[in-house]
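K.L.:
Mind having a look at this structure? Questions to follow.
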Amino acid sequence: MAAGIVVVFDFDKTIIDVDSDNWVVDGLGATEEFERLLPTMPWNTLMDTMMCELHARGKTIHDVADVLRSAPLDRRVVSAIKACYGLGCDLRILSDANRFFIETILDHHGLRGYFSEINTNPSHVDADGRLRIAPYHDFHAGPHGCGLGICPPNMCKGQVLDRIRASAGVDKRVIYLGDGRGDYCPSLRLGRDDFVMPRRGFPVWELICEDPSLLKAEVHPWADGEEMEETLLRLVGRVLVEVSNKQMPQLDCKLESLPAVAAQDGALPMPMPLRIKN
Ligand SMILES: [Mg+2]
């Protein structure tokens, strides 16, 4: 991965525009049962329970997959993913959904190969054809130990992000995109050279706004696919220029003298070839 950039995407309401758990439950007509059980168990356990309930109602794994394939995915998010990959970024998913849901949707849109890793709750189809969903951290064996008090018992995304950083290399710059409360912990763990892209108006954005000084990373909000693509590619372009300037300081004067280079995002130059829009 030549760019030295790791882009970590949440999945629900970040890559797709809905929550895949709710999309499946609502799409297969089990909303009432879901809401009845919601106060009684953790979300991850509830989704496993709902998959068994749907199976008992005669819904097959193919019915689940059909509903997943109809989940809305903004074409600008697709083009952003492809452009980042083309620029040499290492793309990863960090999601509290589950592997079957995510892979079914990515496969449908031809996107799975763009991601080097999917970090999420494990799932499998059992001998009776039921989708079983397990927690990422086995909270029955013990708590994951994050002291923030916001992460769900089955997944602390902050701890997973630390592992991603360690595996990718500490010199990598991280761009993190998410919308939910679970995306706050990893946002707090990002460093000064990293970027967080919270979805404006969503829970992680509200948590960040309570005290922005708690974050070391630069904050760049986005509201929809168009703004996500523009913001993400601007940040990737900025990092690429910074990296190339560090590696080849003699390029500084050349970049500044190019007439096609426009000052963007607070003055750092961005070469024209990086402005990939579609
Ligand atoms: Mg989300």
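K.L.:
Any idea which residue in segment 1-52 is nearest to the ligand (Cβ to nearest atom), counting only those that are part of a helix (DSSP H, G or I) and surrounded by 23 or more Cβ atoms within 10 Å (Cβ to Cβ)? Outline the logic, then answer.
P.N.:
The initial filter retains those residues of segment 1-52 that are part of a helix (DSSP H, G or I), namely 20-27, 31-40, 43-52.
The next check asks that each one be surrounded by 23 or more Cβ atoms within 10 Å (Cβ to Cβ); those that pass are 20, 24-25, 44, 47, 51.
Details: S20: 9, V24: 15, V25: 16, N44: 14, M47: 14, M51: 20 Å.
Selected residue: S20.
K.L.:
Could you give every pair whose Cβ atoms fall below 6 Å, whose first residue belongs to segment 169-197 and is at pLDDT 95 or above and assigned to a helix (DSSP H, G or I), and whose second residue is hydroxyl-bearing (S, T, Y) and buried (at least 23 other Cβ atoms within 10 Å of the Cβ), counting only separations of at least 6 or pairs across chains?
P.N.:
Close Cβ pairs (under 6 Å, with a partner that is hydroxyl-bearing (S, T, Y) and buried (at least 23 other Cβ atoms within 10 Å of the Cβ)) amount to P186/Y176.
K.L.:
Name the one entry in C209, C185 that is of a type outside the set (A, V, I, L, M) and in contact with a Leu (Cβ under 7 Å, 6 or more places away or on another chain).
P.N.:
C185
K.L.:
Checking K216 against (1) out of contact with any Leu (no Cβ under 8 Å at 6 or more places or on another chain); (2) surrounded by fewer than 17 Cβ atoms within 10 Å (Cβ to Cβ); (3) modelled with pLDDT of 80 or more, which test does it fail?
P.N.:
(1)
K.L.:
Residues of segment 78-111 being part of a helix (DSSP H, G or I), more than 14 Å from the ligand (Cβ to nearest atom) and closer than 12 Å to I15 by Cα, which ones? Break it down into steps so the answer makes sense when it comes.
P.N.:
Filtering segment 78-111 for residues part of a helix (DSSP H, G or I) gives 78-86, 99-108.
Filter once more, so that each one left must be more than 14 Å from the ligand (Cβ to nearest atom): 78-86, 99-100, 103-104, 106-108.
Of everything in segment 78-111, those that are part of a helix (DSSP H, G or I), more than 14 Å from the ligand (Cβ to nearest atom) and closer than 12 Å to I15 by Cα turn out to be V78, S79, A80, I81, L106.
K.L.:
Name the residues in segment 53-77 that are under 21 Å from A127 (Cβ atoms), in contact (Cβ under 8 Å) with a residue 40 or more places away in the chain and part of a loop (DSSP other than H, G, I, E, B), would you?
P.N.:
Initial filter on segment 53-77 (under 21 Å from A127 (Cβ atoms)): 53-65.
Next cut, in contact (Cβ under 8 Å) with a residue 40 or more places away in the chain only: 55, 60-61, 64.
Within segment 53-77, T60 is the sole residue that qualifies.
K.L.:
Could you give every pair whose Cβ atoms fall below 9 Å, whose first residue belongs to segment 233-255 and is at pLDDT below 85, and whose second residue is not in a helix (DSSP H, G or I), counting only separations of at least 6 or pairs across chains?
P.N.:
L255/V261; L255/P269; L255/P271
K.L.:
Now for a separate question. From (1) of a type in the set (A, V, I, L, M); (2) free of Cβ contacts under 8 Å to residues at least 60 places away in the same chain; (3) within 16 Å of the ligand (Cβ to nearest atom); (4) under 24 Å from D74 (Cα atoms), pick out the condition that doesn't hold for V219.
P.N.:
If we test V219 against (1) of a type in the set (A, V, I, L, M); (2) free of Cβ contacts under 8 Å to residues at least 60 places away in the same chain; (3) within 16 Å of the ligand (Cβ to nearest atom); (4) under 24 Å from D74 (Cα atoms), just (3) comes out false.
K.L.:
Next up: When you look at Y136, is it touching a residue at least 40 places away in the same chain (Cβ under 8 Å) and among the aromatic types (F, W, Y), yes or no?
P.N.:
Values: touching a residue at least 40 places away in the same chain (Cβ under 8 Å): yes; among the aromatic types (F, W, Y): yes.
Yes, satisfied.
K.L.:
Looking only at segment 135-194, count every residue that is hydroxyl-bearing (S, T, Y) and away from the ligand (no atom under 14 Å from the Cβ) and tell me the total. Spell out the reasoning first.
P.N.:
Narrowing segment 135-194 to residues hydroxyl-bearing (S, T, Y): 136, 167, 176, 184, 187.
Remaining after also requiring away from the ligand (no atom under 14 Å from the Cβ): 136, 167.
So the count comes out to 2.
K.L.:
Scan segment 130-142 and give yes if some residue there is out of contact with any Cys (no Cβ under 6 Å at 6 or more places or on another chain), at pLDDT below 95 and surrounded by 14 or more Cβ atoms within 10 Å (Cβ to Cβ), otherwise no.
P.N.:
Residues of segment 130-142 out of contact with any Cys (no Cβ under 6 Å at 6 or more places or on another chain): 131-142.
Going one step further and asking which of them are at pLDDT below 95, we end up with 137-142.
Cutting the leftovers down to surrounded by 14 or more Cβ atoms within 10 Å (Cβ to Cβ) gives us 137, 139.
Within segment 130-142, one or more residues are out of contact with any Cys (no Cβ under 6 Å at 6 or more places or on another chain), at pLDDT below 95 and surrounded by 14 or more Cβ atoms within 10 Å (Cβ to Cβ).
The values are calculated or read from the model by the stated rules, or taken from the named source; none is laboratory data. Model, not experiment: these values are computed from the prediction. For neighbour counting, all protein chains shown are included, and Cβ atoms are generated from backbone atoms with ideal geometry for every residue, glycine included.
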